[in-house]
Structure formats: structure tokens, C-alpha cells
1. Which order do you get for His77, His148, His120 if you rank them by accessible area with a 1.4 Å probe, largest at the top?
2. Per residue, how many Å² of accessible area does the stretch 64-149 show with a 1.4 Å probe?
3. Quick one: what are the phi-derived ³J(HN,Hα) couplings along the stretch 56-61, Karplus 6.51/-1.76/1.60 with θ = phi - 60°, whole Hz, x for glycine and proline?
4. To the nearest 10 square angstrom, what accessible area does Ser145 show with a 1.4 Å probe?
5. How many nm separate the modelled label positions at Asp118 and Thr133, each set 7 Å beyond the Cα in the direction of the Cβ?
Amino acid sequence: YQGTGGEGDELNTDIFCNIIDLSTLEVSSGLDGDPLYKVTTGVAESHSPDLDYAINGNYMIVWVDSRYDDDLNTGTHTDIYYQEIGSDGFVYQNEGIPVCLAYHIQKDPQIVLYSKGDNHESRLIYWQDYRSTGKDILKNIYGQSITHEVELSSDKNTSKEFSLNSIHPNPFNP
């Protein structure tokens, strides 16, 4: 879920995750009722999260982030970030990894499954992108793919291999 930052941080929104037991509707939380997972914590305004569940058992989260927006042009530079939460907590560095840091506005990220095999799944992260904007506002759709691979066995060993690749051919950049 999305929430407002702490005291003195009312302008920034953060992204949090908890675990809900669907049979009892009990919500797990951290110490003092804090969210169990703090995906973003006051680095900047973070919003519009989307999530999915991967074949390797991790939850994938993508969101809009303005940590590199300058104070002179607030809201004119937003990026797309990604994080996974596994059984041991966060898979990638704190505050996530960038999917797109292009200049201008990127917004409305989504994760969708586009390929599935016996031991892998590939998803597409796509978003609206305004990097081509000049005198007129130009909205384009950009994307990156994510592939998770799993070695299937009786002892449930999993691979933590991860790749982030461009989608080809890209009709906007031949």
C-alpha cells in the first residue's frame, strides 16, 4: 500500500507491504505496528505501485519514484523502480533498483506475464513515457522484460538469477 511519510515528511509518499492471512484477515506487521516491509522510506515521492507473484516465490513490485527530480521543476522528472520481496526479505538493494532513469516523466508502470515455461516465467514491465516531449506532449509506451528461472526439484532449490532486457524490436527506436 501507499502511505504518507513520517513527521516533517508530509509531502513524500512511501510504499509499504504487509502479509494478510486470507483465512482470518489478520494483517502481519513489524514492531510497534509498523509495516512489515518498507519498500521506500522517505527518499522521495513514490507512488503507483503494481505487483505480481513470481515462479520463484518472490513478490515483484514496480512503482513511480521521483528521487532524482530537482526542486525547481517538481513533477517533471519521475523514474520507474523495481524491487522483489522473498522469504528472506528484500532481494535487491534498499529502495529498489531503477528500471528507467530517462529524463522527463515516466508513469503508470504495470507488470504482466507474457511467457511461461516449465522452469521460467517472463514478465513485461511497461509504462507511459514522456521522454520525447518537446513543444507538444508526446506519450509513448516503453517496456523492459524480467525473466525468473527456477530449477525444479524435490528439495525446492531455487535460482536467484535475474535479467532485465530491452524488448526488441522497439518501434520507437529502430
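The values are calculated or read from the model by the stated rules, or taken from the named source; none is laboratory data. Keep in mind the model is a prediction, meaning the values are calculated, not measured. Note that we place each Cβ from the backbone using ideal geometry, even for glycine, and neighbour counts take in every protein chain shown. Protein only, heavy atoms only, side chains kept; ligands, DNA and RNA dropped before computing areas. Shrake-Rupley method; radii C 1.70, N 1.55, O 1.52, S 1.80 Å.
1. His120, His77, His148
2. Dividing the accessible area of the stretch 64-149 by its residue count gives 52 Å².
3. Couplings: 7, x, 8, 9, 9, 10 Hz.
4. 10 Å²
5. Between Asp118 and Thr133, the label points sit 4.8 nm apart.
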